[in-house]
Structure formats: structure tokens, C-alpha cells
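The values are calculated or read from the model by the stated rules, or taken from the named source; none is laboratory data. If you're wondering where the values come from, they're calculated on a predicted model, not measured in any experiment. Note that we place each Cβ from the backbone using ideal geometry, even for glycine, and neighbour counts take in every protein chain shown.
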Amino acid sequence: MRRESACRAAAASLLACVTGIAVAQPSPPLPYATATRTGVNFDWSTGFQTGRSGSNPAAYYMLKRTSSGALTLWATTGLSGGTVEVAAPAQAGLVSGLRVPSQGGAYYLAPDAAQARQVFRTQGTPASVQQLTSEAAGITQTRGLLGDAPVFVRTAADGSESAWRVSPTGASPTHVVSLASNSSIEWVMRGDWGIVAWRPRSGATPPGDRVTRFGLDGVSTDLPVPAPTAYWGFPHALGIGTRQACIKASTANGLRLHCTDGTPSGTRRPFAPLIGNDVWLPDFVTFIPLGDRLLFNTHANAGAFRPWSTDGSDDGTLPLVDVGQSYSLCTDGDAGALFYTVESMGTYGLWRTDGTREGTRHLVDVPGACHARGVAKAFDGKAYLTAGTVLYVTDGTAAGTLPVHGAPVMANLQGSSSPQTVASLGRWLVFAAVGDEGQTVLWRLDQYSIFRGGFD
């Protein structure tokens, strides 16, 4: 009873700490530095990859780079003692290619007994590690997850390529698509289908790069997307969402947006009514899934870019703002909303968008740009993200966007290959921040802490 009373007496300050809701505080909030770390120091200064496992994830997987440059695979549940190295002991320092499916566990590449790199799967402990492939030539990389399992490429003696899907149970891989190619350029896949941009061998008819749809159904179809106008032209860029994929394609009038539902008849060049034209893309464009839409960047004035989104239709292809913005992503868009920072004359603003013009708005000014991904929807329904080196919480409104009081300095992991530094694991928020000696360590925030007497 005394613990419950103490908790309720501290509710005002804890509410500000945990939820970001501004309330009157008769005393300073509980110092965040009293929170328990996960117990393992990480040298992530040269980059790392992460992934969340499961729709309500039970583990957060990390490729940690050691001081010697080797990569080791770790996972945390957010619980005390729950941060462990999860690859087999003989694979320490030899792992790569982390892929985290939605249904739990993680896939990665590591050498087998013959020193050929194969696909392995772990369920979060060394004892659970299972070798899934036995490719004599080894596997240099996986291209994505199709039906929640990795896809890799075999190259024949004549240079042609074929893609194969790994069996999650260790059975023989299944064929996905064959390409008469010496060079597949880019792969994207989501759910049960994907597209690949590839370059046919010299002398192929018709010439030029192609885009092909493939899927779990075993059907592959070339899509009517224009090829680059020259062999050395900028290749296709691809992105895929829940319902459609988008492609940067070269036309006689420059680089243009094309979208597809995976069928030739459903492949088209959207005409945007707000500008009275189709959409001109820059040489380097990135597509970001955002609910059932895709966010992408176009040219604007003074070298800046303008964020757009599309659902593949004409009316659904539109600029989110009317001015150029140099922006950095703060979260992913899986929860149907995305947060990003915009820099203007040395000032940074935090913005939110749901992919529509009316749902795109400035929230607050923040001390720096986002350099790592947070979570767009944590257990408590809010987004947690890093701006500069400050941990923020937001409910999507200006009034509900605040720094987390007393939080440690967040780790600056700019330049990391897949920098997602905040994960929501049930009641726990796990994130990378700076420790007492300046090293990067994992910290956790109890999202229930207002009812449990403070930070654990």
C-alpha cells in the first residue's frame, strides 16, 4: 500500500517523464539516470543494423560492431539479464545480413563448417540457432524477406541469375524468379510479392533494363516500365508498400514516377492534378512506405527537395507541402504516420505526416536533426524519437510533443547502415544512449512506470 501511495503521490512528475504530458510539477521529475541499463556496453560508433521482431515485438535484434570491426549478433527483451549474444559461439564476429521477420526470431548470414556463408535462424538464444541453407558456393547477401523468409540469388555458369526463398524450417529453398541477367540492380519485396530491376545480357531483345514482378505464387511478369535511355543512365529506383510499388524510370522527358500493383495493366505513370503534370524525380530518390502510401522526394528550389506521397492514383499523388524541405526521417511509417525534421537556416523543426496534405504539419522546433529511427507507435500509443541527441515523445500534436525529462544523451549513430535506435518491447522502451564513460549503452524506460513507482 505504501508503494501504491508513493506512486500516486508522484504521478504528476512521472506523467511528464513518461508520457510527455505537461502538468504542474511541485518537485523535479525523477532523474532518468536511475533507470536500469540492459547491462551490456556497445561500441556502435562505426554503425549497426537493428530490427524489431513480431507485430508486438518480444525482442530487438542488433548487429554490434566491435572495436576490431567484427560484427556480433545480440538481442534484448528489455528485461534485466535479457540482453545476450544470440548467434552460435563459433560465429562470434562473423555474422552479417540481419533480417528480422514479423513473426519472431531473426535470420542472418555466417560461415558453415566448410567456411561457406549460409543462412541461419535464431529464436533469441545460441541454443536455438539453426542452419537453413547448404549452398556450395555460399551466399554473399540476402535480398529481402518474401513471406517472412529471406530470398537469395544463385548465379549460373553463364551469368544468369535465379532467386530462391529460404525455408524457415530448413527444407530445400523454393524457386522465386529467373533472370537472363548479368546484373540484378535492385530488389524490393513485402508480404507475398516484390519487384526487381535488372539488366539483361548484351544483345538481349528488347534491350535496356527491365522491371519484373515476382511472388510466392511462383508467377513472374515483366512490367511496362521504360528503360534508362543509355547503358550508363541512372538505373531504376524502387519502393514497395502494402498495396503498390513505385519506380523511378527514365523517359524521353526525364526521370518520371511510375507505380504498379504488380500487373502490366496496373502499371502506370500518375498524373498529379495539383501540378497539372506527371511527377519529375531527382537522380537520387528514396521511397518510404507510409501506411498504404509511399513517401518520396522531388526537386524543389535552391537544391532542396519536396516531400510527396502517392497511392498510385492520379488524385492520390500530391506534394505534402508547397515549399522545398531538406528533411531527415525520425521514424518509420508502419503505424500510418511518419515524423521527420526539417532544417532551415540552422533551425530544425519536427514535422508529422500521415501522407496527406491536411495531415502534414509542423509540431515544434527541436535542437537538431533526426539521425536515427525511432518508433512511430509505442505501447502507450505515442511516438518516441531522437532529435539531435535528445529523446522526444509525441502524440502527434504540438502541445503533446516534449523532450523526455531527465533522459540521458542519445547516441549519435549518424551514418549507420540501418540506424533504428528506439524499440518498443511490450511495456519496455529500449534505446541506445550515452553511458557514464561516453560509450553507447542500451537503456530502457518502463512505459508502465507511472503506476509502478518510477523507473526500474
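When residues of segment 350-380 are filtered for being over 15 Å from T331 (Cα atoms), among the polar types (S, T, N, Q) and surrounded by 17 or more Cβ atoms within 10 Å (Cβ to Cβ), how many remain?
Residues flagged as over 15 Å from T331 (Cα atoms), among the polar types (S, T, N, Q) and surrounded by 17 or more Cβ atoms within 10 Å (Cβ to Cβ) within segment 350-380 amount to 0.
Please find, within segment 149-158, the residue that is surrounded by the most Cβ atoms within 10 Å (Cβ to Cβ) out of those that are at pLDDT below 95 and not β-branched (V, I, T).
R154
Out of contact with any Gly (no Cβ under 8 Å at 6 or more places or on another chain) and not in a strand (DSSP E or B): does that describe S202? Step through it out loud before you land on a result.
On the way: out of contact with any Gly (no Cβ under 8 Å at 6 or more places or on another chain): yes; not in a strand (DSSP E or B): yes.
Spelling it out, S202 is indeed out of contact with any Gly (no Cβ under 8 Å at 6 or more places or on another chain) and not in a strand (DSSP E or B).
With assigned to a strand (DSSP E or B) and in contact with a strand residue (DSSP E or B) (Cβ under 7 Å, 6 or more places away or on another chain) as the only criterion, which of Q141, Q118 stands out?
Numbers: Q141 fails: assigned to a strand (DSSP E or B).
Going through Q141, Q118 in turn, the sole match is Q118.
Here are some residues: L146, L132. Which one is crowded, with 22+ Cβ neighbours inside 10 Å, touching a Phe, Trp or Tyr at 6+ places or on another chain (Cβ under 9 Å) and either among the acidic types (D, E) or touching a residue at least 12 places away in the same chain (Cβ under 8 Å) (or both)? Lay out the reasoning, then the answer.
Details: L132 fails: crowded, with 22+ Cβ neighbours inside 10 Å.
Only one candidate qualifies: L146.
Looking at segment 139-179, which of its residues are among the small types (G, A, S) and over 29 Å from T286 (Cβ atoms)? Can you show your working first?
First, the residues of segment 139-179 that are among the small types (G, A, S): 144, 147, 149, 156-157, 159-160, 162-163, 167, 170-172, 178.
The answer is A156, A157, G159, S160, S167, G170, A171, S172.
Just checking, how many residues over segment 159-208 are in contact with a strand residue (DSSP E or B) (Cβ under 9 Å, 6 or more places away or on another chain), of a type in the set (V, I, T) and either surrounded by fewer than 13 Cβ atoms within 10 Å (Cβ to Cβ) or over 18 Å from A237 (Cβ atoms) (or both)?
5
Going by what's in this entry, would A113 be described as more than 21 Å from V434 (Cα to Cα), modelled with pLDDT of 75 or more and in a loop (DSSP other than H, G, I, E, B)?
Values: more than 21 Å from V434 (Cα to Cα): yes; modelled with pLDDT of 75 or more: yes; in a loop (DSSP other than H, G, I, E, B): yes.
It is true that A113 is more than 21 Å from V434 (Cα to Cα), modelled with pLDDT of 75 or more and in a loop (DSSP other than H, G, I, E, B).
Among the residues of segment 150-191 satisfying the criterion of being in a strand (DSSP E or B) and among the polar types (S, T, N, Q), which is nearest to A137 (Cα to Cα)?
Going through segment 150-191, the residues in a strand (DSSP E or B) turn out to be 150-155, 161-165, 174-179, 181-190.
Now drop any that are not among the polar types (S, T, N, Q), which leaves 155, 162, 174, 178, 181-184.
Values: T155: 9, S162: 14, T174: 17, S178: 18, S181: 19, N182: 17, S183: 18, S184: 18 Å.
Looking at the filtered set, the residue picked out is T155.
Of all residues in segment 342-359, which are more than 17 Å from G400 (Cβ to Cβ), in contact with a strand residue (DSSP E or B) (Cβ under 9 Å, 6 or more places away or on another chain) and not charged (D, E, K, R)? I'd like the intermediate steps shown before the answer.
Of all residues in segment 342-359, those more than 17 Å from G400 (Cβ to Cβ) come to 342-348, 355-358.
Right, trim to in contact with a strand residue (DSSP E or B) (Cβ under 9 Å, 6 or more places away or on another chain) and you get 342-344, 347-348, 355-357.
Selection gives V342, S344, T347, Y348, G355, T356.
In this structure, is R352 under 18 Å from L320 (Cβ atoms) and either of a type in the set (A, V, I, L, M) or part of a loop (DSSP other than H, G, I, E, B) (or both)? Break it down stepwise before answering.
Details: under 18 Å from L320 (Cβ atoms): yes; either of a type in the set (A, V, I, L, M) or part of a loop (DSSP other than H, G, I, E, B) (or both): no.
So R352 fails the test.
Which one of these is over 22 Å from the mean Cα position of the chain (by Cα) and under 24 Å from T221 (Cα atoms): G312, G266?
Numbers: G312 fails: over 22 Å from the mean Cα position of the chain (by Cα).
After applying the criteria, what remains is G266.
Taking segment 73-108 as the region of interest, how many residues are of a type outside the set (G, A, S) and more than 17 Å from Q123 (Cβ to Cβ)? Give the derivation first.
Looking only at segment 73-108, we keep the residues that are of a type outside the set (G, A, S), and these are 73-74, 76-77, 79, 83-86, 89, 91, 94-95, 98-101, 103, 107-108.
This time we only want the ones that are more than 17 Å from Q123 (Cβ to Cβ), so: 94.
So the answer is 1.
Please work out which residue is nearest to K382 (Cα to Cα), limiting yourself to segment 334-349 and to residues that are in a strand (DSSP E or B) and not aliphatic (A, V, I, L, M). Walk me through how you get there before you give the answer.
Narrowing segment 334-349 to residues in a strand (DSSP E or B): 338-344, 347-349.
Narrowing the set further to residues that are not aliphatic (A, V, I, L, M) leaves 339-341, 343-344, 347-349.
On the way: F339: 12, Y340: 15, T341: 17, E343: 24, S344: 26, T347: 24, Y348: 21, G349: 18 Å.
Among those that are in a strand (DSSP E or B) and not aliphatic (A, V, I, L, M), it is F339.
Mind listing whichever residues of segment 46-80 are assigned to a loop (DSSP other than H, G, I, E, B), modelled with pLDDT of 70 or more, more than 18 Å from R427 (Cα to Cα) and in contact with a Leu (Cβ under 8 Å, 6 or more places away or on another chain)?
A70
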